[in-house]
Structures are given as C-alpha cells and as structure tokens.
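J.: So that we are looking at the same thing, I have put the structure below in structure tokens.
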Amino acid sequence: MALSETEIQRQKEIQQAEELLFSGRQELGFAKGLFLGDFVADWAMPYPRLSDAQQADVDRALTELRQFLDEHLDPEAIDREADIPRHVIDGLGRVGVLGMTAPKEVGGRGFSQMQYCKVLEEIGARDASTAVFTNAHHSIGIRALLLFGTKDQKEQWLPKLMNGEQLAAFALTEREAGSDAANVQMKATPSEDGSHFILNGEKRYITNAAIAQVLTVMARTPIPGKDKDAITAFLVTPDMEGFEMIQPRMPKLGIRGTATGRFRLNNVRVPKENILGPLGKGLRVALTVLDFGRTTFGACCTGAAKTCLRLAIEHANSRKQFKKTLGNFDLVKKKIARMAADVYAMEAMTQVTASLIDRGLEDYMIETAMLKVFTTERLWDAVNDCFQIHGGSAYFDDSPLGRILRDARINQIGEGSNEVLTSFIALVGMRGPGMEFKEIYDTMLKPSRGLSKAWGAGLKRLSAAVKVPEVPVRNDELKSYASQLARLVWRFNFAVDKALILYREPVMEMQLIQERIAIAAMELFATTCVLSRWDSELTALGRNGHDASDHVAADLYVRRSFRKIREALRDLGDNDDRALLQTADAVLGTSGASQHNGA
Ligand SMILES: Cc1cc2nc3c(=O)[nH]c(=O)nc-3n(C[C@H](O)[C@H](O)[C@H](O)COP(=O)(O)OP(=O)(O)OC[C@H]3O[C@@H](n4cnc5c(N)ncnc54)[C@H](O)[C@@H]3O)c2cc1C
C-alpha cells in the first residue's frame, strides 16, 4: 500500500529523531525518569552547589564584570543606536566572558556551566542585546568548536575567539528551515578531488553574522555509499570567496544591539579540514550546542526577571494613588508575589539543569527544553506584570520597560519556538513508556516473538502504576510537600500511561494532549528544583542558627505549581479540544484535518 505524503514525512521525522536522540544506552535522567514514574532524586537533590574554590572564582569574575558593566554598558544607547559598541565587546573579552567555559590552555577560564550561568544571569539582568550577543558567540558559537572540534581546529580557531579578537556565529536557520531545522537546503557538494566542499545557499536571522570571523554553518552533504544526504557542520569564514553578506543588520523590534544578518554562499570552497564533527552529523552538532545555549538562556531570563521584580517593587513602594502606595493593593501584591515565586523557581531550575551538564549526564535534552520554555514564559509574565504595575509611565521612552518588553519577546521564538519544544518534551518523554507498551502490544499480536521482553516491560509498567516514588528532603517542614510531589509524580505517570493506551500512535499528532503532559512535567521539574533549593537553604540556615522561616516565595511557588499540575492532568480528560479544533479548522479552512484530536 502506498504511503501518503504526510505519513512519509512523519516516518522521515521519526527516523531523524531516532538517529539524533536515541542512539545507544544512556543513564536515566531526571525528566525521562518522571515519564516512567521514577523519581531519580539524585540528579536534583541535594541542591547542586559550587565548591568553595569555584564560588570564589565566580565571585571574582562577577566583581570584575560588574565594575566593567557599571562603567561601560549603556543598554538605552545600545537599543537606540542598534549596536553594541566595539569597546564593550573588547571589555567583555578582557574580563573573560567571551571564552569563559573554554579550558585555560586555550585562553579560557575553565568555568563549569553552573559558574557560567551565574555570569550570564548578571548580563541578562542588565541588557538582553549584550546577553544574546554573548550567547551567540560563546554558548552556541565557540561551544560547537569546543565539543566537536579536532585538536587542529581548536588550536587554529579558539585562541582568538577567547578574548573577542575574533567573534563566532552559528548559522542554521534558512527560509525553509526555521522550526523545521532538519529541512536545511544549503548544499555542500564535494569537489572532484575530495579536498573541498562547495557550498551554495542562503542563511537568515543569524546573530553576529556580519561581525563574526568564524561561522558554524549547516549544509546538506551527500553521504558516501548511501543513497541519501544529511546535514554537516562547516567552519566558514567571511573572507572566503563567494561569501556575500546580503543584509548585515536586519532592522528589528528588540535586542536591537545584536547584528542579525542574512548571507548567501555562492560556490564557496570550504576545505574538508573545516568540517566540524562527523560528516552527516550536523544536526547532532546543532542540537547539542543548542542544549548548552538553553541553560544560559535560562540564566539570562532569570536575570531579566529579577530586574523586572526590582523595578516592580520600587514602583509599588513609591507611587501613590488613592492616598496609598500601589503595593497596598491586593491585585498589585498578587503580581509581585507571583514574580518573586517565579524568580525563585527560575534560578533553581537553571542551577539544577546546568549541574546536569557539569555532572556528566549524557542526555539532558528534555530538561534544557523545559528550562527554555519555562524561563522564557515566566519572564514574559514578569515583564507584562511589571509593565502593568508601572501603568502609563511604562509606555514612554524614558522608561526602560519598553526596551525590556521588546527585548523579551524573542525568547519564546528563538533557539526552538516554545510550541515546538513543548511537543518535543512530551514526545521524547513519552517514548520510554511508549516503547514498553509497544513491546507488550506487539507480543500480544504475535506471541511467537517470545514473552520475556514483554514480561519485563509489563512488570516495569505495573510497578510504576502501584508504587508511589520517594522524594527525599531533609527538613521536616518540607516532608508534607515532598509526599504531595511524590503522589503527583505517580499521578503523572498514570496519566501518561493512560494517554498512550487510549490514543496510541496518533498521540504523536495530538499537540493539545502533548501540551498538558509537557506542562505537568515542567512543573514537576520546577517544583523539584524549588524544593531542593529550599531544603538546602533551610539546612544551611538551621546550621547557622538563623530563623528558617523566610521562604514565603518558595512556599507560594510550590502551592501554585501543584495546582497547575492537577489542572493539567484533569484537563487531559475534561476539555474543549474538539470544539477548539473545529473552530480553528472552520476559520482556517482546514476542516477535517484535526480528526485525531477529539480528546
Ligand atoms: C533575533 C533573532 C536571532 C536569531 N539568531 C539565530 C542564530 O544566531 N542562528 C540561527 O540559526 N537562527 C537564529 N534565529 C532563528 C530562530 O532560531 C528561528 O526564528 C526560530 O527557530 C523559528 O523559526 P522561524 O522564525 O522560521 O519560525 P517558523 O518555523 O515559521 O514558526 C513560526 C511559528 O509557528 C509555530 N510553529 C512552528 N512549527 C510548529 C510546530 N511543529 N508545532 C506547533 N507550532 C509550530 C510556532 O509558534 C512558531 O513560533 C534567530 C531569530 C531571531 C528572530
């Protein structure tokens, strides 16, 4: 039977995802554990802390950075002029920010991801343009070289990138390859003698493209001996013949200081020595690098949300209406309290996620996707609430809030739009239990396969269904929350199993179901990080003889989060999805397209 075009596309996507994500056995991470009903506490509890020596290094770096930023960073001017001045870039290089996680031997500072996140939080708190510039250069630019470069490549390229003498960019996006990153059309054809690849095509929306001296560029190459092509990463320099900068600075709404460019490669001859990572594994390079980038994204958003909270508090405590300061009104209090709770959670989640990288967990894709979606959405809420508290004054050009609002909007779109990542979280997470069910189902249809694998899978599903996991906290005052969290993990697992049994393979198309599962998973992760941080702070306070009662923001976060989890799980079976999709289909003119989604 001939497969439909949609089915062929879907099979292709599954094959690509399998190749990228699921090669080889890996240790069970926190998020994958959640989907299996397993609370792998070890990855999040006790709360990860820097060693004293690491903390001292961070403190020194932050002191130097703060002094530099106080003296030289002018976010309003950067926004107005749509440019980050060269002396700011040079200064960031001098204080080590541009090569911070690179080893000391190549001129970096050898910082861990947790340490680096602390530094980027500081930049994110002040100016989003500078944060995105730094992220593009370091977290997704240099990082590709650090992770996938050969010894020769590192020696050749890294030293000048460490101090900003040269800058890096990361070029994946094209007109046809935005969210659908695997659809890269740029071609890299091997030369006849095999010494070069000839690159042709166009890239757009590339941060730093016009100011970078080294660009990691994704292009499609034929794979020798195979009847298919795949994406490969190349190191390209703008002085190569045929490199054409079409638009060095695309005018834009926010993060206006960053140079976002569009360029074309016309028969650009790139030596084969410039291939970064294995031939045909460019998507793996891209996704791994983006994974790192998402932790610093979380840190930058946390910094920006802290700024919003500070501005909101200042205004609420000074502006009077009805003979009272605004902070006396419950509807203002509600916004500020929510912000404080979210900021506590954002910081905790960033710290735990960064520690997964530092501790060597191999696969943390779900956690970094959760962090990206969570922190960007919470920052947007914080900006919105802060703007509202400032009333009309936020709307005028002498307030920083217009810039902060314009800057923050990119976060939900860039480095994987939140919709794509929400689906990703649910689908990759559900794959574990899904495979176990498939084993059972296939064996029921064909008992000759032998029962042992299906028996093992059945036992695992059964044990997750009857066993409530343990959430280990040290402080008695958190024990009740810990047991509520454990029960919610159990309920979540039950809900995932139920969705898999009820909808089977079509669940891969049901984004409204996926969204609820992803929200519940994200909140379970966020609350775990909050409880872990809270527990460790209580322990430290108790040890130092302080009053351990000042954790109202953490307490509020956990309460609100439990509510959200219950709501997401309840809505899996009680919702208006059918009506919603019918309405969308009717107005879009796509009637009948959503037959899978009648939950
Ligand atoms: C300022 C800026 C800087 C950037 N810097 C870089 C860079 O340095 N390097 C680089 O390679 N790229 C960069 N990008 C590109 C960025 O990563 C893409 O914009 C992003 O991946 C989204 O792609 P797109 O814009 O083509 O949107 P589209 O793919 O057209 O998506 C538009 C919207 O459709 C929805 N959508 C899409 N697919 C799905 C789906 N499967 N399910 C549900 N909803 C969906 C989402 O809401 C999404 O926001 C940058 C973009 C901007 C704006």
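The values are calculated or read from the model by the stated rules, or taken from the named source; none is laboratory data. Bear in mind that the values here come from a model prediction, so they are computed numbers and not experimental data. All Cβ positions, glycine included, derive from the backbone under ideal geometry; neighbour counts span all protein chains shown. Please note that ligands, DNA and RNA were not included when accessible areas were found on the heavy atoms of the full protein model with its side chains. Shrake-Rupley method; radii C 1.70, N 1.55, O 1.52, S 1.80 Å.
J.: For segment 74-88, how many residues are within 23 Å of I140 (Cα to Cα) and part of a loop (DSSP other than H, G, I, E, B)?
T.: The number of residues fulfilling the criteria is 4.
J.: Going residue by residue through segment 302-313, is there one that turns out to be farther than 30 Å from T150 by Cα, surrounded by 14 or more Cβ atoms within 10 Å (Cβ to Cβ) and either within 16 Å of the ligand (Cβ to nearest atom) or free of Cβ contacts under 8 Å to residues at least 12 places away in the same chain (or both)?
T.: For segment 302-313, residues farther than 30 Å from T150 by Cα, surrounded by 14 or more Cβ atoms within 10 Å (Cβ to Cβ) and either within 16 Å of the ligand (Cβ to nearest atom) or free of Cβ contacts under 8 Å to residues at least 12 places away in the same chain (or both): present.
J.: Would you be able to tell me the number of residues in segment 126-167 that are of a type outside the set (V, I, T) and within 15 Å of the ligand (Cβ to nearest atom)? Before you say what the answer is, go through the steps one by one.
T.: Kept after step one, since they are of a type outside the set (V, I, T), are these residues of segment 126-167: 126-129, 131, 133, 135-139, 141, 143-149, 151-167.
So of that shortlist, the ones also within 15 Å of the ligand (Cβ to nearest atom) come out as 127-129, 131, 133, 135-139, 141, 143-144, 167.
Selection size over segment 126-167: 14.
J.: A further question on this structure: Please identify the pairs in which a residue from segment 139-168 that is free of Cβ contacts under 8 Å to residues at least 40 places away in the same chain and farther than 14 Å from G110 by Cα has its Cβ atom under 8 Å from the Cβ atom of a residue that is open to solvent by less than 20 Å² (accessible area, probe 1.4 Å) and in a helix (DSSP H, G or I), counting only partners at least 6 apart or on another chain.
T.: Here the result reads none, with nothing in segment 139-168 linked to a residue that is open to solvent by less than 20 Å² (accessible area, probe 1.4 Å) and in a helix (DSSP H, G or I).
J.: Only one of F234, F197 is within 16 Å of the ligand (Cβ to nearest atom) and among the aromatic types (F, W, Y); which?
T.: Every option except F234 fails the conditions.
J.: A further question on this structure: Only one residue in A548, A499 is open to solvent by less than 20 Å² (accessible area, probe 1.4 Å) and at pLDDT below 95. Which one?
T.: Being open to solvent by less than 20 Å² (accessible area, probe 1.4 Å) and at pLDDT below 95 holds for just one of A548, A499, which is A499.
J.: Next question, about the same structure. For residues in segment 89-120 being open to solvent by 30 Å² or more (accessible area, probe 1.4 Å) and part of a helix (DSSP H, G or I), which is nearest to L290 (Cα to Cα)?
T.: Within segment 89-120, the first condition is being open to solvent by 30 Å² or more (accessible area, probe 1.4 Å), and the residues that meet it are 90, 94, 103-107, 109-110, 118.
Remaining after also requiring part of a helix (DSSP H, G or I): 90, 94, 104-106, 118.
Details: D90: 25, R94: 25, K104: 23, E105: 24, V106: 22, K118: 18 Å.
Within segment 89-120, the match that is nearest to L290 (Cα to Cα) is K118.
J.: Right, next: State which residue is most open to solvent (accessible area, probe 1.4 Å) when the search covers only segment 382-434 and only residues that are β-branched (V, I, T) and at pLDDT 95 or above.
T.: Here the answer is I413.
J.: Which pairs turn up if I take residues in segment 517-542 that are farther than 29 Å from M430 by Cα and look for partners that are among the polar types (S, T, N, Q) and part of a helix (DSSP H, G or I) with beta carbon separation below 9 Å, at least 6 apart in sequence or on another chain?
T.: Listed pairs, sorted by first residue: none to list.
J.: Counting only residues that are of a type in the set (S, T, N, Q) and open to solvent by 50 Å² or more (accessible area, probe 1.4 Å), which one in segment 141-182 is nearest to P85 (Cα to Cα)? Don't jump to the end; show me each part of the working.
T.: First pass over segment 141-182, keeping only residues of a type in the set (S, T, N, Q): 150, 153, 156, 163, 166, 173, 179.
Narrowing further to those that are open to solvent by 50 Å² or more (accessible area, probe 1.4 Å): 150, 156, 163, 179.
On the way: T150: 33, Q156: 27, N163: 15, S179: 31 Å.
Applying the filter and picking the extreme gives N163.
J.: Would you mind stating whether N317 is open to solvent by 30 Å² or more (accessible area, probe 1.4 Å), in a strand (DSSP E or B) and more than 16 Å from the ligand (Cβ to nearest atom)?
T.: Spelling it out, it is not the case that N317 is open to solvent by 30 Å² or more (accessible area, probe 1.4 Å), in a strand (DSSP E or B) and more than 16 Å from the ligand (Cβ to nearest atom).
J.: Against the conditions (1) within 16 Å of the ligand (Cβ to nearest atom); (2) not in a strand (DSSP E or B), where does F170 fall short? Just the number, please.
T.: (2) is the only condition that F170 fails.
J.: Another question about this same structure. With respect to T296, determine if the residue is at pLDDT below 95, open to solvent by 20 Å² or more (accessible area, probe 1.4 Å) and of a type in the set (V, I, T). Outline the logic, then answer.
T.: Values: at pLDDT below 95: yes; open to solvent by 20 Å² or more (accessible area, probe 1.4 Å): no; of a type in the set (V, I, T): yes.
When the stated conditions are applied, T296 does not pass them.
J.: Follow-up. In segment 277-316, what count of residues is obtained for those that are on the phi > 0 side of the Ramachandran plot and of a type in the set (S, T, N, Q)?
T.: Qualifying residue count, segment 277-316: 0.
J.: Considering each of R570, R560, R487 in turn, give the residue that is at pLDDT 95 or above, open to solvent by 70 Å² or more (accessible area, probe 1.4 Å) and closer than 30 Å to L50 by Cα.
T.: On the way: R570 fails: closer than 30 Å to L50 by Cα; R487 fails: closer than 30 Å to L50 by Cα.
Matching residue, one of R570, R560, R487: R560.
J.: Tell me, which residue of segment 204-231 that is of a type in the set (K, R) and more than 9 Å from the ligand (Cβ to nearest atom) is nearest to I410 (Cα to Cα)?
T.: The residue in question is R220.
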